[in-house]
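Chemist: Below is one structure. I have some questions about it.
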Amino acid sequence: MLSSEYKAGKVALFTTESNLLEKLVKKGQLTNTERLILFTIMNYAHENLHENSPKNHLHDLVRVVRNLLFSLRQKTKDIQYTSSLVSDNYHKILGFIIENSTEYNIYILLNNNHLKNASIFPPYAIKEEEIKANLIIDNKSIDLENNIAKIEDHYSIKGATYNFKLKENYKLIPEMIYSLYKTWNDDANDSEIIRAFLTIGDYKKHIKWSVLGTVYFFGHGKSDGWNFILTTPDETPDDSFSIMLLQFLNELNKRTLQDITNDLNEKCLDICKNKGWHYYFIKYPDFTSSDYNLFSFMDDDGFLVRNLSTNNAGGLHINPYLRTLACLINKKHSLLCDEGTCKSYDGSQNFKPLLLKINDLEITVHCKEGYWEFSLNKEPILEIKEKFDLKLQAENVLQSQKSIYHLEPTKDKDMIEIAVEFISTLYQLENPPEQKEEEISSESSQ
């Protein structure tokens with residue numbers, strides 16, 4: 001009856017050990033959720049199981065109990081849900097299990113609003129179970145019931161189907177299943193998912209306010225991060241997250257993540273025009289290449305943004321524009337940048353710059369609100385100043401012999417492209433190509 005992951009006719013527990021009796025005997029310990037699921041099975045077997053009892057009654061009861069037990073959860077500082085179930089609530093939950101372990105199928109009780117002692121569970125969780133029960137009873141379709149179970153048993157869903165709006169979209173469940181399992185799996189690329197999802201809309205989840213700015217989470221596969229994104233109930237008045245999720249699943253049913261991400265022409269026309277954070281997050285994979293896609297924003301356009309390593313100010317943080325610039329420069333000119341220079345390990349509101357050194361040319365790069373600030377210890381030649389429209393801000397700063405220039409994106413080149421071209425041009429000037437021997441010989445003969 002129980003399994004570790006989705007299997008037809010079974011109920012997934014999302015753990016490597018689904019044989020609860022064996023686990024209890026061998027290890028002598030079960031989680032609170034596992035204890036109550038085992039009690040559900042044993043109590044029903046004792047009270048109702050006989051040779052004439054329908055086989056699916058116990059299975060359906062365990063599934064509903066599983067879903068409701070997993071709805072008792074709390075958000076942790078690691079941006080994931082963990083169980084909030086404590087032994088103090090046992091008596092209420094045991095009462096619920098006993099009262100609803102009857103000769104009637106649990107879906108009939110839910111369909112007729114006859115569930116008893118359910119106040120311990122969140123109202124939205126009970127409502128969702130009623131919706132699914134109504135669909136199963138009204139449609140009398142084994143395929144529909146199995147498909148609902150398959151969505152519930154996905155590791156990133158764990159029974160919490162709130163955002164799928166199954167009542168209105170139950171005919172689309174097969175397509176949802178295909179997209180869900182195709183995208184969120186052991187081989188998933190978080191950066192590809194994030195970038196493709198952002199082409200649909202601004203789905204990120206607000207986490208908190210902080211001294212580093214407003215903190216948002218974009219999702220990752222570690223520590224159930226996608227479970228947090230996909231199953232946090234949509235509290236927006238217009239169900240905007242659910243609409244975006246369903247649209248994303250629909251796109252995934254027809255195209256790959258790469259196809260969606262590369263489509264920056266029609267769908268993302270407004271994003272491309274504005275060239276705010278949304279545009280850069282979609283276009284550049286290095287923005288979302290970390291293991292912990294948590295970001296703090298200090299400005300609306302998202303240039304003063306940090307990628308955080310933990311959900312606190314004391315962790316590692318780095319500006320993703322600087323990280324992306326460093327990665328792209330290093331691909332063109334091996335190991336020219338040290339990404340570590342722009343990483344900070346404190347809660348300071350000041351951003352650490354990217355440092356580069358090309359021979360005796362020292363470059364300091366700051367990302368500002370829509371432009372770059374470059375500090376150079378050597379004056380650029382006039383041709384370079386004019387080509388990149390460099391705007392001098394200060395000379396000989398603090399007797400450091402450095403000059404500060406502002407570099408802005410152009411109509412044809414965004415923030416990243418213009419900075420890569422500028423640094424590459426400086427690199428070429430500092431490292432002119434050597435003349436070939438024939439050319440030198442020819443010049444000498446003349």
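The values are calculated or read from the model by the stated rules, or taken from the named source; none is laboratory data. Remember, it's a predicted structure, so these values are computed and weren't measured experimentally. Because the Cβ atoms are built from the backbone with ideal geometry, glycine has one as well, and the counts that use them run over all protein chains shown. Surface areas here come from the heavy atoms of the whole protein model, side chains and all, with no ligands, DNA or RNA. Shrake-Rupley method; radii C 1.70, N 1.55, O 1.52, S 1.80 Å.
Chemist: For the stretch 390-416: of the residues being in contact with a Leu (Cβ under 9 Å, 6 or more places away or on another chain) and within 21 Å of ASN274 (Cα to Cα), which is most open to solvent (accessible area, probe 1.4 Å)?
Modeler: HIS406
Chemist: Now for a different question. Being open to solvent by 10 Å² or more (accessible area, probe 1.4 Å), hydroxyl-bearing (Ser, Thr, Tyr) and either under 15 Å from LEU198 (Cβ atoms) or in a helix (DSSP H, G or I) (or both) is the filter here, so list the residues in the stretch 211-247 that pass it.
Modeler: Listed by number, the residues that qualify are TYR216, SER223, SER240.
Chemist: Write out, first by first residue and then by second, each pair whose Cβ atoms fall under 9 Å of each other, whose residues are 6+ apart or on separate chains, and whose first residue, in the stretch 419-446, is polar (S, T, N, Q) while the second is at pLDDT 90 or above and open to solvent by 60 Å² or more (accessible area, probe 1.4 Å).
Modeler: Short answer, once both residue conditions are applied: THR425/LYS387.
Chemist: Please list, ordered by residue number, the helices (runs of 4 or more DSSP H) wholly in the stretch 1-78 having 1 or more residues that are within 23 Å of ALA118 (Cα to Cα).
Modeler: Output list reads 32-47, 55-71.
Chemist: Output the residue which, of all residues in the stretch 74-88 that are in contact with a helix residue (DSSP H, G or I) (Cβ under 9 Å, 6 or more places away or on another chain), free of Cβ contacts under 8 Å to residues at least 60 places away in the same chain and not small (Gly, Ala, Ser), is farthest from PRO233 (Cα to Cα).
Modeler: The extreme case among them is VAL86.
Chemist: Which condition from (1) free of Cβ contacts under 8 Å to residues at least 60 places away in the same chain; (2) open to solvent by 70 Å² or more (accessible area, probe 1.4 Å); (3) out of contact with any Gly (no Cβ under 7 Å at 6 or more places or on another chain) is the one that TYR124 breaks?
Modeler: Among (1) free of Cβ contacts under 8 Å to residues at least 60 places away in the same chain; (2) open to solvent by 70 Å² or more (accessible area, probe 1.4 Å); (3) out of contact with any Gly (no Cβ under 7 Å at 6 or more places or on another chain), the lone unmet condition for TYR124 is (1).
Chemist: Taking interchain pairs and intrachain pairs at least six residues apart, which have beta carbon atoms under 7 angstrom, with the first residue in the stretch 372-399 and in a loop (DSSP other than H, G, I, E, B) and modelled with pLDDT under 90 and the second aliphatic (A, V, I, L, M) and loosely packed, with under 12 Cβ neighbours inside 10 Å?
Modeler: none
Chemist: Scanning for something more than 19 Å from LYS158 (Cα to Cα), among the polar types (S, T, N, Q) and open to solvent by less than 20 Å² (accessible area, probe 1.4 Å), does the stretch 248-262 turn up at least one residue?
Modeler: yes
Chemist: For LYS208, indicate whether it is open to solvent by 50 Å² or more (accessible area, probe 1.4 Å) and either assigned to a helix (DSSP H, G or I) or of a type in the set (A, V, I, L, M, F, W, C) (or both).
Modeler: No.
Chemist: Could you tell me which residue of the stretch 25-46 is farthest from LYS158 (Cα to Cα), considering only residues that are within 35 Å of the chain's Cα centre (by Cα) and not β-branched (Val, Ile, Thr)?
Modeler: This residue is LYS27.
Chemist: Answer with yes or no whether LYS158 is open to solvent by 60 Å² or more (accessible area, probe 1.4 Å) and among the basic types (Lys, Arg).
Modeler: No: the conditions fail for LYS158.
Chemist: I've got another one for you. Only one of LEU85, LEU115 is farther than 18 Å from THR231 by Cβ, open to solvent by less than 40 Å² (accessible area, probe 1.4 Å) and assigned to a loop (DSSP other than H, G, I, E, B). Can you tell me which?
Modeler: LEU115
Chemist: Continuing with the same structure: Determine, yes or no, whether ALA149 is closer than 18 Å to HIS59 by Cα, small (Gly, Ala, Ser), open to solvent by less than 40 Å² (accessible area, probe 1.4 Å) and touching a residue at least 40 places away in the same chain (Cβ under 8 Å).
Modeler: Judged against the criteria, ALA149 is a match.
Chemist: Have a look at LEU115, LEU110, LEU21 and point out the one that is over 27 Å from the mean Cα position of the chain (by Cα), more than 22 Å from ILE148 (Cα to Cα) and modelled with pLDDT of 90 or more.
Modeler: Of LEU115, LEU110, LEU21, the one residue that is over 27 Å from the mean Cα position of the chain (by Cα), more than 22 Å from ILE148 (Cα to Cα) and modelled with pLDDT of 90 or more is LEU21.
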